[in-house]
Amino acid sequence: MSKPAPAPQNGRDLTEWYTSFGEGEARGQSAVYEEWALGVAGDPGIQALLMTMPLQKRQPNLIFATSRLLGAPVGAYGPFRDWLVENFAAVAAEAEHRMTQTNEARRCASLLPALALIDGPIALLEVGASAGLCLYPDRYAYSYDDGPVLGDSRLVLESSTTGAVPIPEALPEIVWRAGVDLHPLDVLDPDDMRWLETLVWPEQHDRRERLLAAIEIAQTDPPHLVAGDAVTAVAALAAEAPDDATLVIITSGVLVYLTAAERTRFAEQVRALDARWISLEGRGALPDVESRLPEVAPAGMAGRFVLALDEHPLAFTGPHGQTLDWF
Ligand SMILES: C[S@@+](CC[C@H](N)C(=O)[O-])C[C@H]1O[C@@H](n2cnc3c(N)ncnc32)[C@H](O)[C@@H]1O
């Protein structure tokens, strides 16, 4: 999932939130979502409806995906608005039990070089796993900078790089994989998968194709996912990992959902494990990673994620694994 817009305090109004989503996140990514967001930003009637929902449920990405799931016409704002007014009760009820939890397999193209720095065999544990599609870095194929394809999967994850990326010559040996999520999605459940697909924005056809291919791969060997909170569940799940493999914890696009205090407690939990930790998170998510970033970050790095191993930064990455700029 793309990173959610931060939940505003009650004082921040929906005009600001939806304008920022439309002009910031959606522009250049989805013309439909940009138009819808800017439409809502200037529409007191729709805002009054949204204000009847709990604060975290008013976020643009959730409202738009839920609406599409329920059949909203994907196009100009006017027909969408009419549909939303008519179907608002259903949208609010559906959003009540939905969360934005986009799962992006292409992030494995960023994780792979970090995994290659760790001696295997590997026991892989993802925190905030969604449907677990990032738990299969050994089942996908890769091509960096249009170079030779590594792996024989039909899903080839492409990434463009700068710097001396330690691209491995072989895929990692993963002998155990498991994940924890507040609300795990089941690759064998058609309703869960339809939601995951709807979380991909309307015009992002490549992402949709990649998602469907990754789901198919995961369906052949569904991941072991448990429902639980990052802070309280990670140690118990780690205890299930085999002793004769290197335990690797991965967090990818999840720490933004934790408060600063929760992130601190989570980091303490992970440091206490006999494990390596690969994080792929937005800037500032982990203070120790942030403080170790190179002083002069390359230009154009705003909005990038930071790939780190044991809280030591390795690279900036595109948020969906599309670029990898090694330090
Ligand atoms: C943006 S998705 C990322 C999924 C996957 N890591 C990826 O990179 O594709 C974030 C996931 O974190 C989960 N999540 C959020 N807060 C959590 C928490 N406190 N504990 C466990 N999972 C959490 C959400 O349910 C969601 O599935």
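The values are calculated or read from the model by the stated rules, or taken from the named source; none is laboratory data. None of the values given here were measured: they were computed from a predicted structure. Cβ sites come from the backbone with ideal geometry, for glycine too, and all protein chains shown count toward neighbours.
Looking at region 129-149, which of the residues that are closer than 24 Å to Leu247 by Cβ and either in contact with a Cys (Cβ under 6 Å, 6 or more places away or on another chain) or outside any loop (DSSP other than H, G, I, E, B) (or both) is farthest from the ligand (Cβ to nearest atom)?
Going through the qualifying residues, I end up with Tyr142.
Starting from region 275-286, take each residue that is assigned by TED's automatic domain parsing to the domain that holds Arg304 and buried (at least 17 other Cβ atoms within 10 Å of the Cβ) and list its partners that are polar (S, T, N, Q) and at pLDDT 95 or above, counting only C-beta distances under 6 angstrom and pairs at least six apart or across chains.
Ser279/Thr251; Leu280/Ser110; Leu280/Ser252
Would you point out the residue of region 230-268, among those that are near the ligand (Cβ under 8 Å from one of its atoms) and under 20 Å from Tyr136 (Cβ atoms), that is farthest from the chain's Cα centre (by Cα)?
Ile250
Scanning for something within 16 Å of the ligand (Cβ to nearest atom) and either over 30 Å from Pro166 (Cα atoms) or not in a loop (DSSP other than H, G, I, E, B) (or both), does region 32-46 turn up at least one residue?
no
Being modelled with pLDDT of 95 or more and among the hydroxyl-bearing types (Ser, Thr, Tyr) is the filter here, so list the residues in region 241-277 that pass it.
Of everything in region 241-277, those that are modelled with pLDDT of 95 or more and among the hydroxyl-bearing types (Ser, Thr, Tyr) turn out to be Thr246, Thr251, Ser252, Thr264.
More than 24 Å from Glu290 (Cα to Cα) and either among the polar types (S, T, N, Q) or out of contact with any Leu (no Cβ under 8 Å at 6 or more places or on another chain) (or both): which single residue out of Thr259, Thr264, Thr246, Thr251 fits that description?
Thr246
Look through region 94-122, keep the residues that are within 10 Å of the ligand (Cβ to nearest atom) and of a type in the set (Lys, Arg), and return whichever of them is farthest from the chain's Cα centre (by Cα).
Selected residue: Arg106.
Can you tell me which residues in region 162-199 are touching a residue at least 40 places away in the same chain (Cβ under 8 Å), crowded, with 16+ Cβ neighbours inside 10 Å, in contact with a helix residue (DSSP H, G or I) (Cβ under 9 Å, 6 or more places away or on another chain) and outside any loop (DSSP other than H, G, I, E, B)?
Residues satisfying the conditions are Ile174, Arg177, Ala178, Gly179, Val180, Asp181, Met193, Trp195, Leu196, Thr198.
Of everything in region 55-114, what is hydroxyl-bearing (Ser, Thr, Tyr) and part of a helix (DSSP H, G or I)? Give them in sequence order.
Result: Thr66, Ser67, Tyr77, Ser110.
Yes or no, residue by residue, for (1) in contact (Cβ under 8 Å) with a residue 12 or more places away in the chain; (2) in the same structural domain as Pro54 (by TED's automatic domain parsing); (3) touching a strand residue (DSSP E or B) at 6+ places or on another chain (Cβ under 6 Å):
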| site | (1), (2), (3) |
| --- | --- |
| Phe80 | yes, yes, no |
| Pro113 | yes, no, no |
| Tyr142 | yes, no, yes |
| Asp145 | yes, no, yes |
| Leu150 | yes, no, yes |
| Ser159 | yes, no, yes |
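Scan region 96-149 for residues that are out of contact with any Ser or Thr (no Cβ under 9 Å at 6 or more places or on another chain), under 18 Å from Ala218 (Cβ atoms) and acidic (Asp, Glu) and report the count.
Looking only at that region, the number is 1.
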